[in-house]
Amino acid sequence: MAAEGPIFRYKTLIFVMCAVIFAACGGAPAGNLTAARTVTDGLGREVGLPAEVRRAVSLAPSITEIVFAAGAGDRLVGVTSFCDHPAEIVDIAKVGDTQSPNVEAIVALEPDVVFVSTASQLQAFTDVLEGRNIAVV
């Protein structure tokens, strides 16, 4: 198996993005999108993020695993119903699946950021969350 395939590059990009986002320190309160920095996501969108991401939602099992691998699993407050690894996710709220996330459940969790895969990049969903000052990467 070649280590430089497109999946490897995708996972590496997500891992690096998560590590940079979660490594930041400082303090904007949860749910407050006072942008302390701007990142460019995988779709080329400029996304404002608070100085410190304290609460995050993952809408893909692969992203959930990468967040845990980056050492930031304790900041996940919501994951998909298909996320089953690592074992620590058992107590994390389920917020639907990649294609049909429960927007109300996500908003109620007051995340600073929601990580989505390009497969779940639904424009109406993104607009609702960004309208509530929740970053979508």
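The values are calculated or read from the model by the stated rules, or taken from the named source; none is laboratory data. Computed from a prediction, not measured in an experiment: that's the story for all the values here. So basically every Cβ, Gly included, is an ideal-geometry build from the backbone, and we count neighbours across all protein chains shown. The area values use the complete protein model at the heavy-atom level, side chains included, leaving out ligands, DNA and RNA. Shrake-Rupley method; radii C 1.70, N 1.55, O 1.52, S 1.80 Å.
The set of residues from the range 85-137 being open to solvent by 60 Å² or more (accessible area, probe 1.4 Å), closer than 21 Å to residue 74 by Cα and of a type in the set (Gly, Ala, Ser) comprises 87, 108. Taken over the range 37-69, the criterion of being in contact (Cβ under 8 Å) with a residue 40 or more places away in the chain and over 22 Å from residue 132 (Cα atoms) is satisfied by 62, 63, 66, 67, 69.
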